[in-house]
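Asks: After the structure tokens below, expect a handful of questions from me.
The values are calculated or read from the model by the stated rules, or taken from the named source; none is laboratory data. Small disclaimer: the values here were computed from a predicted structure and weren't measured. Heads up, the Cβs are rebuilt from the backbone with ideal geometry, glycines too, and the neighbour counts pull from every protein chain shown.
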There are 4 protein chains.
Amino acid sequence: KNRARLLIRCPDQPGIVATVSQFLYEHGANIVTSDQYTLDPEGGQFFMRIEFDCPGLRDKKADLEKDFTPIAEKFNMHYDVRYVHELKNVAIFASKEPHCLLELLWEWESGDLMANIAVVVSNHEVVRDMVESRGIPFHYIPANRDIRSQAEAQQKEILEQYDVDLVILARYMQILTPDFVEEYKNQIINIHHSFLPAFIGANPYERAFNRGVKMIGATSHYVTNDLDEGPIIEQDIGRVDHRDDVAAMKKIGQAIERSVLARAVKWHLEDRIIVHGNKTIVF
Amino acid sequence: KNRARLLIRCPDQPGIVATVSQFLYEHGANIVTSDQYTLDPEGGQFFMRIEFDCPGLRDKKADLEKDFTPIAEKFNMHYDVRYVHELKNVAIFASKEPHCLLELLWEWESGDLMANIAVVVSNHEVVRDMVESRGIPFHYIPANRDIRSQAEAQQKEILEQYDVDLVILARYMQILTPDFVEEYKNQIINIHHSFLPAFIGANPYERAFNRGVKMIGATSHYVTNDLDEGPIIEQDIGRVDHRDDVAAMKKIGQAIERSVLARAVKWHLEDRIIVHGNKTIVF
Amino acid sequence: KNRARLLIRCPDQPGIVATVSQFLYEHGANIVTSDQYTLDPEGGQFFMRIEFDCPGLRDKKADLEKDFTPIAEKFNMHYDVRYVHELKNVAIFASKEPHCLLELLWEWESGDLMANIAVVVSNHEVVRDMVESRGIPFHYIPANRDIRSQAEAQQKEILEQYDVDLVILARYMQILTPDFVEEYKNQIINIHHSFLPAFIGANPYERAFNRGVKMIGATSHYVTNDLDEGPIIEQDIGRVDHRDDVAAMKKIGQAIERSVLARAVKWHLEDRIIVHGNKTIVF
Amino acid sequence: KNRARLLIRCPDQPGIVATVSQFLYEHGANIVTSDQYTLDPEGGQFFMRIEFDCPGLRDKKADLEKDFTPIAEKFNMHYDVRYVHELKNVAIFASKEPHCLLELLWEWESGDLMANIAVVVSNHEVVRDMVESRGIPFHYIPANRDIRSQAEAQQKEILEQYDVDLVILARYMQILTPDFVEEYKNQIINIHHSFLPAFIGANPYERAFNRGVKMIGATSHYVTNDLDEGPIIEQDIGRVDHRDDVAAMKKIGQAIERSVLARAVKWHLEDRIIVHGNKTIVF
């Protein structure tokens, strides 16, 4: 595939689009889609995502990146080039409840998750079969509050072994240490089973039930060291009424969790998300 | 109109439905719609709403209510009979932002709000014209933190003068004292411009923007003395993205506030809501 | 389990609820939930669904049904008693696209589909593995326009062999003959991949794309001999825009199809649906 | 205001974005937002909308447009420059049901409809007051099947008198002649009270009720000479159930019609819509 994505962030200033599009044109690239956003038209940050096709991309990679360096310097850009044919290596962390893991496996099997699911890690054995039957390596690593550092040591080894680019917490239910989070900054996606910032922390469905809300939700976000406070990628909700007890809410919620996490992961894999402070720009 | 509604709450026990429906049958009433709910089939509270037609209802009222007394006593019922032809007297409290007030006036003009809008009270003059041009009395009562008790004294007088059954806070933005709230328990409906329990208190759109949520919402609830903690009647949400600043969120939110408040008010007027603890049962 | 459901349909007239609830009370049954609907309060059809618990239900069944006969005769009722412990036998007909079948299997595995999935029939081999690996019998029966009657003969034999109560067409894509449909009247549920009555017939996504709609949908309905004209059980929609080609619409649509069919099947299994003419009443 | 929008349509080819953005940069314009779409990356039509700020825009207009001509010729472009400070003149055609007209007037009063509502035309007097009380000219022009050409003659005169750029059919309910439609091609927006292509033509709510659908919708589209077949701009839906009769559906539908039409009009006024064949691209 000759498709790549250019992600740019820099102070807003005249001439960025002209310069970048001229650069691509001169290197024989055709812009397929382009999105931009400025925090503040007068002096804010500028963000851009360009998806382009470029015949013979593999051979031109080195030249493209070298030639772009002076442009990046001139405009003081942070930038990234992502090549669509270079699939990201993904690790999924799961626990006992398999619905989010299953949804991801299913999307992956039907070709909708353009990634290499490199490994699944769980602190329970229950999901081993559904993982291994699909030819994906499974690692059982016991984990709880008391053995967190041991567990993370093993997990990090595995992430390095499989050269993992993205960790998905598919209802993993264990808190990660600041060290771990720092090492995979903006590379860990979690699904929280509430409409954040409502019901941060444990047992959101119980608390939603007790509060008597008329809708429940789910939120997918990047993990930071503030519990459930990381940059939100996607949210969705579903209706409940007085007849729905906690078990019914969980059922309704699971369908929402599945689709919210799958969308967030897909957008990450398509390089659509730019994290800015505690927010996301989703192109 | 010969239509009435019977609202019942009592400990669940065998024979309630049989007894009540037999009572209605014997009094010549035809059940139009009936809803029931039990908190716990084994020993919980039982709730019921029956809407019935009864030819010659006005003349039978006294008999109906007298004859029901022994049934209510036997089953230890709290109950209410509401006659559809007896419109509730409604007071709307508004502030500077007119969108929720306007929606209610509009619904009322088009015959969808079966109530008598007796009076509109505001601490700003801006909405006077749209109220008086519709023939509804308008009272300007200055209100803020420092003159709360004086303002409420005037407001209470007006509520008594117009024999008000329901107070709607249509983005009124002033906190009511515990005395006031106590006097109109489960008779004050507020619209809060967030998806509660997220963003309790002031400036929810600003806080939603700062948190980077992907959806904003509105919540209609009965007012209690815990700010934004009263029984939720209805909620709804709308999508936002990184392009939406606080002003855009307010716009999107206003449409949600309008419809959520209007639905909640309509359900109250149709006697569909039973408050149980800090929750609502909406039949 | 001592739970059952009573489904009633009769001309509206005074005393139905009183009589039926008295009957249940006298037989020691406790009403768990009750829904009713009248087409026209003055002389229309009356529909009712009562879910009740009755200790020792298995032993009382014969008595209950016998004792109800005179009531049914008096009110000229069509009625049904369904016992929750008697699971319905379900046959799923599938074709090449497995997403709807998979959703049903998944719901069933997680305990949300209270039925006995007796058999899966398909005119393609692709889904055999996912069926047999779950211990469900699979039958490959070639089917197309030219061999319809042979195929249906085989299918009917299987349906009889497994004593099937409900046939689910999970994107089966073959038209059934009037004979077949007649034999399983209101017992065949189909999922059509459009928001009916838009795009009846073949290739709805292509036609939705060509029409330039901004939303696509799915519809679950009972099968009649008018193609895609049977009583609608449930519908839902999703947003699309000009960037979505037919393939993207199919993907978005599949998620809708999955959930719409699953909801319709669940409601059927819970005896919530009453077919009246070409419409459904869903309690 | 120094803001303008450049709308481009041309055969896709290398260098378009580079050339256009270079042009804007050289003329001191800063791109605020930019959207593009290609029907087919290999040889299809290319569509682009650029919103830009340009200090001293009024004085530069003539130069900008002159200097762009050779670019447009080189790439074989259809293009338009729209200046945000030049408000469009809008005529609203209404009939008896005022809800869509009212929504537009309301949005306009609250500053959300950036247009000059030049005139309201109706074949009924009922909406005169709500129009004139807002200082907008109102013209009563009787219209029905038999006097169509006379009515249109008067209407055209008024449209010319007020130099109208956009005609909004806010539930106008009269069919326009091909002549009229041709003269205002892609400048007449209609709201149809169904989810098109379902229920084309008259009485969609009655037909939706008779079909037993579980959702009803509304569709805003540009008017062409094929009834309800013009390019769709926006659609939305709402849930209904068996309890909703035709009157209830109309009520639910009116809220949908209001918001769908208002969104479509806003997008048109913001020059976000490009009509391509029988479809719209909405940037």
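Asks: Does D:GLN254 satisfy the criteria of being crowded, with 18+ Cβ neighbours inside 10 Å and facing chain C (nearest Cβ under 10 Å)?
Replies: Here the answer is no, as D:GLN254 does not meet what is asked.
Asks: Also, I was wondering about something else. So which residues in the stretch C:225-243 are in contact (Cβ under 8 Å) with a residue 40 or more places away in the chain, more than 8 Å from chain D (Cβ to nearest Cβ) and crowded, with 20+ Cβ neighbours inside 10 Å, if there are any at all?
Replies: C:GLY230
Asks: Quick check on my filter: what residues within the stretch C:106-132 are under 19 Å from C:GLU270 (Cβ atoms) and either touching a His at 6+ places or on another chain (Cβ under 6 Å) or not in a loop (DSSP other than H, G, I, E, B) (or both)?
Replies: Matches in the stretch C:106-132: C:TRP106, C:GLU107, C:TRP108, C:GLU109, C:ALA115, C:ASN116, C:ILE117, C:ALA118.
Asks: For the stretch C:189-207, does any single residue satisfy the condition of being in a loop (DSSP other than H, G, I, E, B), of a type in the set (Ser, Thr, Tyr) and more than 16 Å from the chain's Cα centre (by Cα)?
Replies: yes
Asks: May I ask you to list the residues in the stretch B:160-175 that are closer than 20 Å to B:HIS221 by Cβ and modelled with pLDDT of 95 or more?
Replies: Matches in the stretch B:160-175: B:VAL164, B:ASP165, B:LEU166, B:VAL167, B:ILE168, B:LEU169, B:ALA170, B:ARG171, B:TYR172.
Asks: Being within 14 Å of chain A (Cβ to nearest Cβ) and either of a type in the set (A, V, I, L, M) or free of Cβ contacts under 8 Å to residues at least 24 places away in the same chain (or both) narrows it down to one of D:VAL84, D:VAL90, so name that one.
Replies: None of the other options fit; the residue is D:VAL84.
Asks: Taking the conditions exactly as written (closer than 18 Å to C:VAL282 by Cβ and in contact with an Asp or Glu (Cβ under 9 Å, 6 or more places away or on another chain)), does C:GLY217 satisfy them or not?
Replies: The answer is yes for C:GLY217.
Asks: Which of the residues belonging to the stretch D:23-55 are closer than 17 Å to D:PHE68 by Cβ and either β-branched (Val, Ile, Thr) or part of a loop (DSSP other than H, G, I, E, B) (or both)?
Replies: D:HIS27, D:GLY28, D:ALA29, D:ILE31, D:ILE50, D:CYS54
Asks: Let me ask something else. Output the residues belonging to the stretch C:163-185 that are assigned to a loop (DSSP other than H, G, I, E, B) and in contact with a His (Cβ under 9 Å, 6 or more places away or on another chain).
Replies: C:ARG171
Asks: Still on this structure, please answer the following. Only one residue in C:THR38, C:THR33 is farther than 17 Å from B:THR19 by Cβ and either surrounded by fewer than 17 Cβ atoms within 10 Å (Cβ to Cβ) or in the same structural domain as C:ASP271 (by TED's automatic domain parsing) (or both). Which one?
Replies: C:THR33
Asks: Could you tell me whether any residue of the stretch A:54-76 is within 30 Å of C:LYS250 (Cα to Cα) and not small (Gly, Ala, Ser)?
Replies: Checked against the condition, which is being within 30 Å of C:LYS250 (Cα to Cα) and not small (Gly, Ala, Ser), the stretch A:54-76 yields at least one hit.
Asks: If I filter the stretch B:24-52 down to residues being more than 17 Å from B:ILE281 (Cβ to Cβ), more than 8 Å from chain C (Cβ to nearest Cβ) and of a type outside the set (D, E, K, R), which single residue comes out as farthest from the chain's Cα centre (by Cα)?
Replies: Looking at residues that are more than 17 Å from B:ILE281 (Cβ to Cβ), more than 8 Å from chain C (Cβ to nearest Cβ) and of a type outside the set (D, E, K, R), I get B:HIS27.
Asks: Does any residue of the stretch A:8-22 turn out to be closer than 24 Å to D:PHE46 by Cβ, under 25 Å from the mean Cα position of the chain (by Cα), part of a strand (DSSP E or B) and not assigned by TED's automatic domain parsing to the domain that holds A:GLU270?
Replies: The answer is yes, given that some residue of the stretch A:8-22 is closer than 24 Å to D:PHE46 by Cβ, under 25 Å from the mean Cα position of the chain (by Cα), part of a strand (DSSP E or B) and not assigned by TED's automatic domain parsing to the domain that holds A:GLU270.
Asks: Continuing with the same structure: I want to confirm something. Restricting to the stretch A:133-154 and keeping residues that are part of a helix (DSSP H, G or I) and among the polar types (S, T, N, Q), which single residue is surrounded by the most Cβ atoms within 10 Å (Cβ to Cβ)?
Replies: For the stretch A:133-154, the residue satisfying everything is A:GLN154.
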